[in-house]
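Peer 1: Got a structure for you, questions after.
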Amino acid sequence: MPAPRRLFLFLIAAILALEVALVWRPFDVRVTTYQTPWRSNKPVGEIVKGFNVTQAIPPGLIMIRKPGKKSIHWRGPNSLRSLVMPNCFSVRFATYMRPNSGHILLTWQQDAARQSWQVPVADLVDNAYVDFCPIGGMDTDKSSLVTMQGVDGEKGQAATAWLTKSQLAPATIQGESTEDRSLALQLVYLNRVEPVEIATVGRGAFLVACLCSLGIALVLLSALWRQLAGMRATGRPLH
């Protein structure tokens, strides 16, 4: 294959690779549909071995917020705006701004559905929310119960979770009600958007627009290449 043709094919491949990297690259959507207020906060206490916290989540907690910058395909019919029902919940932890060790067992239950996660407290970031996504999602028309238990934590090396005043029922710590505070929680929609899903935005209009723009670029590049080849063949200067 002649060198000019190889260069032309390389340019086409580069354009295709650039479009894939910039337009069709998978991205994450995280939409907060509900969040407890952040007021009159205090920690539940060090979640050491045997420590127990429970929190009931009532049905109907939906308060839609717009997605972050990563969710670029949001507006228009059949866009990702339909992805607003939460499929995960988040708990706000704290580390006392120190390195900790041990594990916390977090359990979620809704009717017969039940799932547990073991959280290494050494991986927790101070004051950050940690997402938990039950297999099969959540039914926002039903109540659920979140339980946190210390597995092997020790005082001075254990993490904690935040309490805040909210509309939720009071949390229970070691079997006793906090009276006026619940766990600091979020209900969120998490989704990994793949190229196939991106292509369906606007009933395929986004895909058509991308193909048209790519086609125009290739036609212009091809025309320019033929013109340069003709100038070489006739011996005319390229400038």
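The values are calculated or read from the model by the stated rules, or taken from the named source; none is laboratory data. The structure displayed is predicted, hence computed values, not measured ones. Because the Cβ atoms are built from the backbone with ideal geometry, glycine has one as well, and the counts that use them run over all protein chains shown.
Peer 1: Would you call residue 141 in contact with a Pro (Cβ under 8 Å, 6 or more places away or on another chain) and in contact (Cβ under 8 Å) with a residue 40 or more places away in the chain?
Peer 2: yes
Every residue, every condition in (1) farther than 17 Å from residue 182 by Cβ; (2) of a type in the set (A, V, I, L, M); (3) in contact (Cβ under 8 Å) with a residue 40 or more places away in the chain; (4) surrounded by fewer than 13 Cβ atoms within 10 Å (Cβ to Cβ), yes or no:
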residue: 97; (1), (2), (3), (4): yes, yes, no, yes
residue: 101; (1), (2), (3), (4): yes, no, yes, no
residue: 105; (1), (2), (3), (4): yes, yes, yes, no
residue: 110; (1), (2), (3), (4): yes, no, no, no
residue: 113; (1), (2), (3), (4): yes, yes, no, no
residue: 137; (1), (2), (3), (4): yes, no, yes, no
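Peer 1: Can you tell me which residue in segment 73-112 is modelled with the lowest pLDDT, limited to those that are under 28 Å from residue 141 (Cβ atoms) and among the hydroxyl-bearing types (Ser, Thr, Tyr)?
Peer 2: The extreme case among them is 79.
Peer 1: I need a count of the residues in segment 150-167 that are over 19 Å from residue 98 (Cα atoms) and out of contact with any Leu (no Cβ under 7 Å at 6 or more places or on another chain).
Peer 2: 4
Peer 1: Note down all Cβ pairs under 6 Å where the first residue falls in segment 152-163 and is in contact (Cβ under 8 Å) with a residue 40 or more places away in the chain, the second is of a type in the set (Lys, Arg), and they're at least six residues apart or on different chains.
Peer 2: Partner pairs satisfying both residue conditions: 152/49; 153/49; 162/92; 163/42; 163/181.
Peer 1: I'm checking my understanding of the structure. Among residues of segment 161-187 that are farther than 12 Å from residue 129 by Cα and part of a strand (DSSP E or B), which one is farthest from the chain's Cα centre (by Cα)?
Peer 2: 176
Peer 1: Could you count how many residues in segment 29-53 are in a strand (DSSP E or B) and surrounded by fewer than 16 Cβ atoms within 10 Å (Cβ to Cβ)?
Peer 2: Summing the residues that are in a strand (DSSP E or B) and surrounded by fewer than 16 Cβ atoms within 10 Å (Cβ to Cβ) in segment 29-53 gives 3.
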